[in-house]
1. With 69, 42 as the choices, which residue is modelled with pLDDT of 85 or more and not small (Gly, Ala, Ser)?
2. Regarding the stretch 60-77, can at least one residue be identified that is exposed (fewer than 14 other Cβ atoms within 10 Å of the Cβ) and charged (D, E, K, R)?
3. Go through the residues of the stretch 72-86 one by one and say whether even a single one is modelled with pLDDT under 95, in contact with a strand residue (DSSP E or B) (Cβ under 6 Å, 6 or more places away or on another chain) and either among the β-branched types (Val, Ile, Thr) or within 28 Å of residue 215 (Cβ to Cβ) (or both).
4. Mind listing just one residue for me: the one in the stretch 219-237 that is among the β-branched types (Val, Ile, Thr) and surrounded by fewer than 22 Cβ atoms within 10 Å (Cβ to Cβ) and, of those, modelled with the highest pLDDT?
5. Quick test of your reading of the structure: residue 97 fulfils all but one of (1) farther than 23 Å from residue 25 by Cβ; (2) over 19 Å from the mean Cα position of the chain (by Cα). Name the failing condition by number.
6. Name the residues in the stretch 3-39 that are in a helix (DSSP H, G or I) and modelled with pLDDT under 75, would you?
7. Within the stretch 108-116, does at least one residue satisfy the condition of being in contact (Cβ under 8 Å) with a residue 12 or more places away in the chain, over 16 Å from the mean Cα position of the chain (by Cα) and buried (at least 16 other Cβ atoms within 10 Å of the Cβ)?
Amino acid sequence: MDLLLGIIQGLTEFLPVSSSGHLTLLSHLLKTDLNAYQTAVLHLGTLVSVVLFAFDGIRRSLRSWRIILNLIVSTIPAGVFGVLFEKQIDQLFSSPRFLPLFFSVTALILMFTRYSSSGEKRMENMSFLDALLVGIAQLFALFPGISRSGITVSSLLFMKYRGEDALQYSFLMSIPVVLGAGILGLEEGNITILAPIFAFLSGLFALYVLSRSVRSGKIWQFSYYCLFVAILSYLVG
């Protein structure tokens, strides 16, 4: 079970298909309990993979005070909302009831990127308003079925950022959120160390696939898969 959870977490965390949604659906199909805390522990494995993969972005941010301040701004909405509505969010992980809706939202957002022309804005010149807007977008990824990478990368593309910068900033945004959630998970979760290890390995592969899809302008193709999972979760819900 740990092997399966780790692989699913790693593959779906960075691919724009919602890892939390897949884990919620899986726990329902296998009749096992999987709450937000356990999901957070799995995130620790993928956290290591994103730190390694986004090393260049981390170096860029350390050389720019604006990027660091923007990352703080972008982290606030999800952080505040997660603390205020922690119990309500955790309850969403116990039932696939809302998965069809949330997966459909992810599919729709990804599909719109097909009609969004590439921009030239760079994250070194990001305004505080843009940082806040993408932070609000990340807030919705607290709900299982809405992809964090999908909604943040798409939002930045809609705001006319370069694909590479949208990708790097999304990676950087994930680090404090996943780290904070993972620490909470260590206190209350009961998943063994094997699951995060498998999540790390499969996460590296997913990061490579996501990077290629964003650079080639084909991230929208994942919308078909999200729509398929939305239908599947409706049928089994």
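The values are calculated or read from the model by the stated rules, or taken from the named source; none is laboratory data. Remember, predicted model here, so these are calculated numbers, not experimental data. Note that we place each Cβ from the backbone using ideal geometry, even for glycine, and neighbour counts take in every protein chain shown.
1. Working: 42 fails: modelled with pLDDT of 85 or more.
Only one candidate passes the filter, namely 69.
2. yes
3. Looking for residues that are modelled with pLDDT under 95, in contact with a strand residue (DSSP E or B) (Cβ under 6 Å, 6 or more places away or on another chain) and either among the β-branched types (Val, Ile, Thr) or within 28 Å of residue 215 (Cβ to Cβ) (or both), one finds none in the stretch 72-86, hence no.
4. Looking only at the stretch 219-237, we keep the residues that are among the β-branched types (Val, Ile, Thr), and these are 219, 229, 231, 236.
Going one step further and asking which of them are surrounded by fewer than 22 Cβ atoms within 10 Å (Cβ to Cβ), we end up with 231, 236.
On the way: 231: 96, 236: 84.
Among residues in the stretch 219-237 that are among the β-branched types (Val, Ile, Thr) and surrounded by fewer than 22 Cβ atoms within 10 Å (Cβ to Cβ), the one modelled with the highest pLDDT is 231.
5. (1)
6. Step one: of the stretch 3-39, the residues in a helix (DSSP H, G or I) are 3-14, 19-29, 36-39.
Once the filter is applied, which keeps residues that are in a helix (DSSP H, G or I) and modelled with pLDDT under 75, the stretch 3-39 yields 3, 5, 36, 37, 38, 39.
7. Yes, there is a match, as at least one residue in the stretch 108-116 is in contact (Cβ under 8 Å) with a residue 12 or more places away in the chain, over 16 Å from the mean Cα position of the chain (by Cα) and buried (at least 16 other Cβ atoms within 10 Å of the Cβ).
Residues are listed down the side, and each one gets a yes or a no for (1) among the charged types (D, E, K, R); (2) out of contact with any Ser or Thr (no Cβ under 8 Å at 6 or more places or on another chain):
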{"position": "42", "(1), (2)": "no, no"}
{"position": "55", "(1), (2)": "no, yes"}
{"position": "73", "(1), (2)": "no, yes"}
{"position": "88", "(1), (2)": "no, yes"}
{"position": "104", "(1), (2)": "no, yes"}
{"position": "122", "(1), (2)": "yes, yes"}
{"position": "130", "(1), (2)": "yes, yes"}
